[in-house]
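Engineer: One structure, pasted below without further comment.
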Amino acid sequence: MSKKAWGGRFSGEALEWVEEFNASIHFDKVLLDLDIKGSIAHAEMLADCGIISAEDKDTIVDGLHRVKEEADKGNIEWDVKHEDIHMNVEHALIELIGPVGGKLHTGRSRNDQIATDMHLYVKEQVLSIIQSIEELQNTIIKIAEENIHVIMPGYTHLQRAQPILFSHHMMAYFWMFKRDKERMQDALKRIDVSPLGAGAISGTTFNIDREMTKKALGFGDLYHNSMDAVSDRDYIIETLSGINLVMIHLSRISEEIIFWMSEEAKFVTLSDTFTTGSSMMPQKKNPDMAELIRGKTGRTTGALMSMLMLVKGLPLTYNKDMQEDKEGLFDAVTTVLGALKIMNGMIDTMTVNEERLEQTINEDFSNATELADYLVEKNVPFRDAHEVVGKLVLKCINSNQYLKDLSLEEFQAANRFIEKDIYDVLSPKTVVDRRLSYGGTSTESVKQQIKYAKEII
């Protein structure tokens, strides 16, 4: 006869390599604390409902605490023969307190047990992700305020477009992360639901109190269908989707930083803490942390795709496939929390090279739109103004000049409405500060944006 907890109807044992393939203890042992927390709540409920005695409950709860203590000391050997964290804990409990430990599993299944552990885990980790996003948002506000007057080139198609404030550029990411945080907060509604007491599929014949365990574990709601409770993995997919958007935004800002730090741009300098050198080229200072964040986005995307494929064809309710819902999620959580921490530190210690940015914005044609708008204000149709400015830009390119280098006579030869005030109009500071529309890049608009950001965070 098999010695497994479920081995009553089996007459033989699995081969060792089959047990290894079947087991999840290698990765689900991270759920130890949550599994014990759920088991304590379940034991206390069983006693409160008169299903087990108060004495047995006290013995079980004390034993569960001892399992935790022994595990923390490294005195418990997790064994693939017991498959997962639940059966390993139960085995250790029975070893410590004897057969009474076998009463713990009354009225529950591993199906609702693991679902409970995972809901507790995801809730805990999503709250940590939200906190890390807020820390990064505060750092973005800080660097935006410190560089409120710094002007830089704004890009479209990676071509110089219009001058913008560096603070305006950074604040764009504040709002991306705000949406990420809101998605995570919204996902908590689906995460904060207790499946405990759903049993294997159809509930239990014991007169349990699911409301009691819900409150004991701090859940906001209960699953109202036992089959849905043990088969639902939507909350994991939703969490992975949210993590992916966080990582995509981190990857986008990483790409910006990588470009800004390049020899060609020199817009920023990263702290030595977040860069590495070359084993061959002694002059190199590489933005490896930003590159790793960009690269690790592929891992979290892979976890999401894996989870979607995992559940797309599963019939109700529990299937062993669902064991594969954990490793990708655990890795994605570790990845996003690490990436948020690295990005926070990288931005917090980043130096903005104001002189280099000033040089850059005075040596391009990003003020061309301003000249076109100037002509429109003189009642020149925009399409005509666009053509006039385009020809002036071509003239400057052919003569190795910029618009500000043209003489007033050259401007007036292109269009008679251009006057000597054009030189002030074309200065980067004027270009920026004329963008007074709500959400625009003017200094006043960005100050209002930062003020509002502080209020809502």
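No value in this document is a laboratory result; all are computed from the given coordinates. Only a predicted model underlies this, so the values are computations on that prediction, with no experimental measurement involved. All Cβ positions, even for glycine, are placed from backbone atoms using ideal geometry, and neighbour counts span all protein chains on display.
Engineer: Among LEU127, SER24, ALA144, pick out the residue whose Cα is farthest towards the positive end of the charge dipole of the chain, where Lys and Arg carry +1 and Asp and Glu carry -1 on C-beta, about the Cα centre.
Structural biologist: The residue sitting farthest along the positive end of the dipole is ALA144.
Engineer: How many nm is it between the label spots at TYR438 and LYS215, if each spot is 7 Å from the Cα in line with the beta carbon?
Structural biologist: It works out to 4.6 nm between the two label points.
Engineer: Select from the stretch 18-75 those trypsin sites (Lys or Arg not before Pro) which occupy a DSSP coil region and have at most 16 other Cβ atoms within 10 Å, ordered by residue number.
Structural biologist: Details: sites: LYS29, LYS37, LYS57, ARG66, LYS68, LYS73; in loops: LYS73.
For trypsin sites (Lys or Arg not before Pro) across the stretch 18-75 that sit outside H, G, I, E and B with at most 16 neighbouring Cβ atoms in 10 Å, the list reads LYS73.
Engineer: If you don't mind, there's one more thing I want to ask. Binning at 10 angstrom from zero up to the longest distance, how are the C-alpha pair distances of the stretch 111-354 distributed in percent?
Structural biologist: 7, 27, 27, 18, 12, 7, 2, 0
Engineer: How do 206-219, 159-172 rank on mean C-beta neighbours within 10 Å, highest first? Before the final figure, lay out the partial values.
Structural biologist: Working: 206-219: 17.6, 159-172: 21.2.
The peptides rank, most packed first, as 159-172, 206-219.
Engineer: Let me ask something else. Cross-link partners among lysines for LYS178, C-alpha distance below 16 Å, same-chain residues fewer than 8 apart left out?
Structural biologist: The reachable lysines, counting only those whose Cα sits under 16 Å from LYS178, are LYS142, LYS451, LYS454.
Engineer: Further, regarding this structure: Which distance in nm do the two modelled labels at GLN159 and GLU327 give, with both placed 7 Å along the Cα-to-Cβ direction?
Structural biologist: Result for the modelled spin labels: 4.7 nm.
Engineer: Calculated FRET efficiency, LYS420 and MET280, Cβ-Cβ r, R0 60 Å, to nearest 0.05?
Structural biologist: Values: r = 56 Å, r/R0 = 0.93.
For LYS420 and MET280, the calculated efficiency is 0.60.
Engineer: Mind checking which aspartates and glutamates have their C-alpha under 17 Å from LYS404, skipping anything on the same chain fewer than 8 residues away?
Structural biologist: GLU358, GLU363, ASP364, GLU370, ASP373, GLU419, ASP421, ASP424
Engineer: Order the peptides 193-203, 339-349 from the highest to the lowest mean number of other Cβ atoms within 10 Å of their residues. Before the final figure, lay out each step's value.
Structural biologist: Numbers: 193-203: 21.9, 339-349: 19.6.
Ranked from most to least packed, the peptides come out as 193-203, 339-349.
Engineer: Report the extension gain between LEU316 and THR430 in nm, rounded to one decimal, defined as 0.36 nm multiplied by the number of residues separating them, less their alpha carbon distance. Provide the component values of the computation, followed by the final result.
Structural biologist: Numbers: separation 114, 0.36 × 114 = 41.04 nm, distance 6.40 nm.
Taking LEU316 through THR430 to full extension adds about 34.6 nm, to one decimal.
Engineer: Label the stretch 359-446 by shape, choosing from rounded, prolate and oblate, from the square roots a ≥ b ≥ c of the eigenvalues of the Cα gyration tensor; if a/c is under 1.5 it is rounded, and otherwise prolate applies when a/b is larger than b/c, oblate when it is not.
Structural biologist: Numbers: a/c = 1.96, a/b = 1.35, b/c = 1.45.
Oblate, since a/c reaches 1.5 and b/c is not below a/b.
Engineer: For ASP186 and THR351, FRET efficiency with R0 = 35 Å and r from the beta-carbon atoms, rounded to 0.05?
Structural biologist: 0.45
Engineer: Follow-up. For the ranges 421-428, 181-188, what's the packing order if you count other beta-carbon atoms within 10 Å of each residue, average per peptide, and put the highest first?
Structural biologist: On the way: 421-428: 16.0, 181-188: 17.8.
Answer by packing, highest mean first, reads 181-188, 421-428.
Engineer: Let me ask another. Give me TYR452, TYR223 ranked fewest to most by other Cβ atoms within 10 Å of their Cβ, as a rough exposure proxy.
Structural biologist: On the way: TYR452 10, TYR223 23.
Fewest-to-most Cβ neighbours within 10 Å comes out as TYR452, TYR223.
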